[in-house]
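I have placed the structure first, in the form of structure tokens, so that the comments after it can refer back to it.
The values are calculated or read from the model by the stated rules, or taken from the named source; none is laboratory data. Everything quoted here is computed from the prediction, not taken from an experiment. Reconstructed Cβ throughout: ideal geometry from the backbone, glycine too, with neighbour counts over all protein chains shown. Ligands, DNA and RNA are stripped out before the accessible areas are found, and what is left, the full protein with its side chains, is counted by its heavy atoms. Shrake-Rupley method; radii C 1.70, N 1.55, O 1.52, S 1.80 Å.
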Amino acid sequence: MSKNDPYAALRFREFNIFLCMRFLLVFGWSMQFIVIEWQVYSITKDPWSLAIIGLMEFVPAFAMALFAGHIVDQREKRNLLALCIGAFSLISLGLFLLTWPEVVGDWSTDTVLYAIYALVFFGGFLRSFFGPILFSLIALLVPKKAYPNAATWSSSAWQIASVVGLAFSGFAISWFGVHWSLCIVFSLVVLSFFTVFLISKKPILNTKVNEPILKSLKEGLSFVYKTKAILGALTLDMVSVLFGGAVILLPIFAQDILCVGSEGFGVLRAAPSVGAILTMIATAYIPISKNAGMKLLVAIFGFGVCIIVFGLSSIFWVSVVALFFSGVTDGVSMVIRQTILQLKTPDHMRGRVASVNSMFVGSSNELGAFESGLTAKLMGTVTAVVFGGTMTLITVVTTALVSPTFRKLDLRKDFEDNEDPDVE
């Protein structure tokens with residue numbers, strides 16, 4: 001493996017299986033979230049109902065995050081992942097049944113909504129485990145010197161699955177309807193479940209298997225707090241996702257502002273992922289370790305600008321372009337953050353650090369959805385989006401001014417320290 005081999009991680013069979021499994025799972029997950037967003041807003045016509053979807057997933061994901069990381073660090077990763085995917089398939093099956101007239105024909109609208117919210121809630125509980133498991137499993141599939149490359153390809157697989165799932169979901173609603181679109185979701189999740197078993201069981205690297213849970217959680221939080229590069233990256237991304245979460249409002253833009261229907265909704269929802277995919281593929285060839293801190297600041301600043309442009313636009317293709325470049329900047333941010341985490345996290349703490357990452361960034365997706373829905377209800381949809389983008393810009397400028405250490409962050413030495421030439 002050459003030092004700058006853009007395909008370093010892809011030379012390992014189980015990592016390729018991992019990418020396939022992740023693609024299927026994220027494809028189904030992305031598609032399911034969009035279809036449910038569309039269905040809920042279609043029957044309520046209320047931005048608050050979209051906010052509740054985000055809140056229902058955020059609460060359990062945030063509350064369980066640290067405990068999930070502790071459990072992941074003390075369990076075998078392959079089987080734990082299979083268990084979580086199996087449980088998620090039951091949620092997908094439940095949503096499929098909730099949109100079947102023969103099953104819920106006599107139910108009231110409120111009853112159907114509450115049932116959907118309940119399944120989303122259990123999905124948030126499971127999601128608190130997915131991040132730590134996947135992050136930890138990557139480190140068991142490739143050698144250390146391939147970690148940055150593996151982070152790039154793993155994030156790329158996630159984004160490609162997102163763009164396919166997001167784009168296809170809009171067309172699937174139009175072609176097949178909500179009900180059969182959710183049947184497709186269920187099939188994809190089941191397929192990902194069986195794919196997991198092509199990966200062999202992995203050793204548990206944490207030597208403190210019986211460590212008290214409170215001590216374990218304290219150790220994880222303390223490590224993140226003391227590692228300023230990780231703390232800074234997570235904080236920046238959390239704020240950008242929290243205040244820049246305009247995507248939850250896309251059903252409103254598609255139906256009421258841009259008037260482009262479900263097909264246009266699919267294009268809008270997919271545009272950020274297309275930009276992120278292209279960026280992530282580029283970073284496999286163009287290292288981002290040099291001046292990583294400044295690059296992250298510039299990327300998130302650009303993300304905020306794109307969100308403001310999207311919020312102010314009333315022209316469909318201008319909105320698509322703004323969302324596309326929001327994905328470009330978000331892709332840079334994601335790769336840098338994942339590289340920082342992979343390079344600076346010791347193996348025995350990967351589950352707990354990934355859980356903190358989920359609390360900062362992953363859960364902020366749902367909290368951002370709640371924030372966007374709430375501000376749209378209070379301020380109006382356009383004002384809410386512009387407000388979110390502006391808050392992102394303010395946060396980036398403030399971080400750049402008060403944290404010169406983070407601004408000067410460079411990862412080249414960390415990458416060299418992880419060289420491991422004895423691993424084929």
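State which residue is nearest to the chain's Cα centre (by Cα) when the search covers only region 255-295 and only residues that are more than 19 Å from Cys306 (Cα to Cα), hydrophobic (A, V, I, L, M, F, W, C) and at pLDDT below 80.
Out of the qualifying residues, it is Ile281.
How about region 50-69: which of its residues are under 22 Å from Leu140 (Cβ atoms) and open to solvent by less than 20 Å² (accessible area, probe 1.4 Å)?
Once the filter is applied, which keeps residues that are under 22 Å from Leu140 (Cβ atoms) and open to solvent by less than 20 Å² (accessible area, probe 1.4 Å), region 50-69 yields Ala65, Ala68, Gly69.
Take Gly69 and tell me if it is modelled with pLDDT under 80 and either within 30 Å of Gly177 (Cβ to Cβ) or touching a Leu at 6+ places or on another chain (Cβ under 9 Å) (or both).
yes
Of the conditions (1) open to solvent by 60 Å² or more (accessible area, probe 1.4 Å); (2) of a type in the set (Lys, Arg); (3) at pLDDT 75 or above, Arg337 clears all except one; give me its number.
All conditions are met except number (1).
List, please: which pairs have Cβ atoms under 8 Å, are six or more places apart or on different chains, and start with a residue in region 163-185 that is on the phi < 0 side of the Ramachandran plot and end with one that is crowded, with 24+ Cβ neighbours inside 10 Å and among the charged types (D, E, K, R)?
Pairs that qualify, where the first residue is on the phi < 0 side of the Ramachandran plot and the partner is crowded, with 24+ Cβ neighbours inside 10 Å and among the charged types (D, E, K, R), are Leu166/Arg269; Ala167/Arg269; Ser169/Arg269; Gly170/Arg269.
What's the total number of residues in region 328-343 that are in contact with a Phe, Trp or Tyr (Cβ under 9 Å, 6 or more places away or on another chain) and small (Gly, Ala, Ser)?
Total meeting the criteria: 1.
Residues of region 298-329 being surrounded by fewer than 22 Cβ atoms within 10 Å (Cβ to Cβ) and under 20 Å from Leu401 (Cα atoms), which ones?
Val298, Phe301, Gly302, Val305
Is there any pair linking a residue in region 33-62 that is over 12 Å from Lys377 (Cβ atoms) and of a type outside the set (Gly, Ala, Ser) to one that is open to solvent by 50 Å² or more (accessible area, probe 1.4 Å) and modelled with pLDDT of 80 or more, with Cβ under 8 Å and at least six apart or on different chains, and which?
Met56/Phe121; Glu57/Phe121; Val59/Phe121; Pro60/Phe121; Pro60/Phe122; Pro60/Phe125
What pairs come up if the first residue lies in region 142-153 and is basic (Lys, Arg), the second is assigned to a loop (DSSP other than H, G, I, E, B) and open to solvent by less than 20 Å² (accessible area, probe 1.4 Å), and their beta carbons are under 9 Å apart, counting only those six or more places apart or on different chains?
As it stands, the answer is Lys145/Ala8, since those pairs meet every condition given.
Given the condition small (Gly, Ala, Ser), open to solvent by less than 30 Å² (accessible area, probe 1.4 Å) and at pLDDT 80 or above, answer yes or no: does some residue in region 346-356 qualify?
There is no residue in region 346-356 that is small (Gly, Ala, Ser), open to solvent by less than 30 Å² (accessible area, probe 1.4 Å) and at pLDDT 80 or above.
Just to be sure before I move on: is Leu83 of a type in the set (A, V, I, L, M) and over 27 Å from Ala139 (Cα atoms) in the structure I sent?
no
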